[in-house]
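None of the figures in this text is laboratory data; all of them are computed from the coordinates on show. Predicted model, so just to flag it, every value in this text is computed and none were measured. So basically every Cβ, Gly included, is an ideal-geometry build from the backbone, and we count neighbours across all protein chains shown.
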Amino acid sequence: MARILLAGGAGYIGSHTAVELLNAGHDVIVVDNYSNSSPESLRRVEQITGKQIKQYEADIRNHEKLTAIFRENKIDAVIHFAGLKAVGESVQKPVSYYRNNIDTTLTLLEVMQECDVKKIIFSSSATVYGEENPVPYVETMKRGVCTNPYGWTKAMIEQILEDAAKANPSLSVILLRYFNPIGAHESGMIGEDPMGIPNNLMPYVTQVAVGKRECLTIFGNDYPTKDGTCLRDYIHVVDLAKGHVKAITYILDHCCNEIINLGTGTPYSVTEIVETFEAVNHIRVNHVYGERRAGDLPACYANADKAHTMLGWKTEKTLADMCRDSWNWQKNNPNGYNSKS
Ligand code: NAD
Ligand code: WQD
């Protein structure tokens, strides 16, 4: 069993990963500045698991604080979730995105080196495949041209981590490229809690269903797909979290430098998401078809073979599970972590 530091671990994916790591018997240390999360998520993780998390409120870019945290805890591996992630906002505020996402990574790498921590898993994204590569995306493809600064931060951080691993063969790096995480823990106690108007599809759907927003606009129905709406590889966040536990097991046992897709390999259209959500939850989601959204690709999905062969990981949840669990979280917590269930 190991001590795992989760940078940005109070967020959506970090909190679900904390549950699975604790359930697998690991110790979890979270460092988060709560810029896009709340300590309430960690309190609930403790409630779900009956285990404790060591928590620090700190900016990962604060070298001095981070060093003190590393010195206080004997860290075996780091999972780096910390970053800003809103695509549209990254176009408006590119400098903040580059500053936050790149600096968190550089500071983590420096402190890891000073404190002799040699294993890091990074939250990358399918967005680094860019527009040029054909679907399904395979890890051996070259990174493509990203369509927004958020995506570029992921591509740049991948390069930084690859260079760091090349220069220091005792440093192990796994770049996990997530596809579209949705869903929530089956308890309905933790889930995605976006600030303001959601950018992503599923939180928008659940907020329309709960009456917080009037109508979902489906962005474009003239794409060259089966029903004209975009195809994505939606993955249940609990499956994704379990993928991190497998990646931790692997990185603790190997000196490695790997890229691994975390997706299901099965694409669904926006219309299928809305229809499945309505059918599974017996609730209507008011929606209209509108213009295409700039930067959207018609299709984005994984070849998920490498995660299976290398990590022994496969997704287990269905689209119905994803829709049911997303709704369970939203209806129990209409105002996210600000409301008691
Ligand atoms: P999230 O915003 O819920 O979690 C990120 C966490 O990092 C938040 O708790 C935030 O407060 C924290 N954070 C940000 N900057 C920080 C800093 N400087 N110091 C300390 N903490 C900081 O996002 P998420 O959905 O859980 O995503 C986790 C990671 O996965 C991100 O890096 C994101 O870019 C990446 N990712 C997410 C998706 C997705 O669709 N959710 C897809 C691909 C990749
Ligand atoms: C999914 C589909 C939209 C909202 C983004 C990032 C990616 C990754 C995951 C994050 C698309 C459609 C959406 C709405 C809609 N990283 N949609 N109406 O764009 O595939 O990926 O999140 O950290 O880097 O780009 O996800 O959920 O925004 O959209 O019709 O109100 O839903 O057009 O086809 P996307 P999404």
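Taking a ≥ b ≥ c as the square roots of the eigenvalues of the Cα gyration tensor of segment 41-106, is the shape rounded (a/c under 1.5), prolate (a/b larger than b/c) or oblate? Verdict is oblate for segment 41-106. With only the Cα atoms considered, segment 233-288 has a convex hull volume of 94 Å³ per residue. Convex hull volume per residue, computed on the Cα atoms of segment 13-147, equals 138 Å³.
Rounded to the nearest 20 debye, the dipole size of the chain about its Cα centre is 320 debye, using +1 on the Cβ of Lys and Arg and -1 on the Cβ of Asp and Glu. Here is the P(r) of segment 128-182: all C-alpha pair distances, binned every 5 Å from 0, give 4, 17, 24, 25, 17, 9, 3, 0 in whole percents. Where a Cα-Cα gap under 15 Å defines reach, which aspartates and glutamates qualify for Lys242, not counting those fewer than 8 residues away within the same chain? Hits, sequence-local ones excluded: Glu20, Glu186, Glu316. Treating each Cα of segment 158-303 as an identical point scatterer and summing with the Debye formula, the log10 of I(q)/I(0) at q = 0.14 Å⁻¹ comes to -0.80. Of the beta bridges in the chain, as assigned by DSSP with both residues counted there, near 5 percent are antiparallel. If R0 is 56 Å, the Cβ-Cβ spacing of Thr249 and Asn286 corresponds to a FRET efficiency of close to 0.80. Descending by average beta-carbon neighbour count within 10 Å, the peptides 267-273, 32-38 line up as 267-273, 32-38, the highest first. Look at Lys119, Lys142, Lys317, Lys65 and count the other Cβ atoms within 10 Å of each Cβ; fewest to most, that gives Lys142, Lys65, Lys317, Lys119. Listing Ser170, Ser187 from fewest to most neighbouring C-beta atoms within 10 Å gives Ser170, Ser187. P(r) tail for the chain, what percent of Cα pairs lie past 35 Å? For the chain, the share of Cα pairs beyond 35 Å comes to 17 percent. Taken over segment 81-142, the alpha-carbon convex hull comes to 113 cubic angstrom per residue.
Quick one: helix 270-281 against the long Cα principal axis of the chain, what's the angle to the nearest 10°, folded into 0 to 90? It works out to around 90 degrees.
Per q in 0.19, 0.20, 0.21 1/Å, what log10 I(q)/I(0) does a Debye calculation on the alpha-carbon atoms of segment 83-203 return? Debye output, listed in q order: -1.16, -1.22, -1.27. The C-alpha atoms of segment 295-341 occupy a region whose extents along the principal axes are 42, 32, 19 Å, arranged from largest to smallest.
For the residue pairs Lys74/Lys246; Lys154/Lys306; Lys154/Lys317; Lys54/Lys142; Lys154/Lys226, the C-alpha atoms sit more than 32 angstrom apart in Lys54/Lys142.
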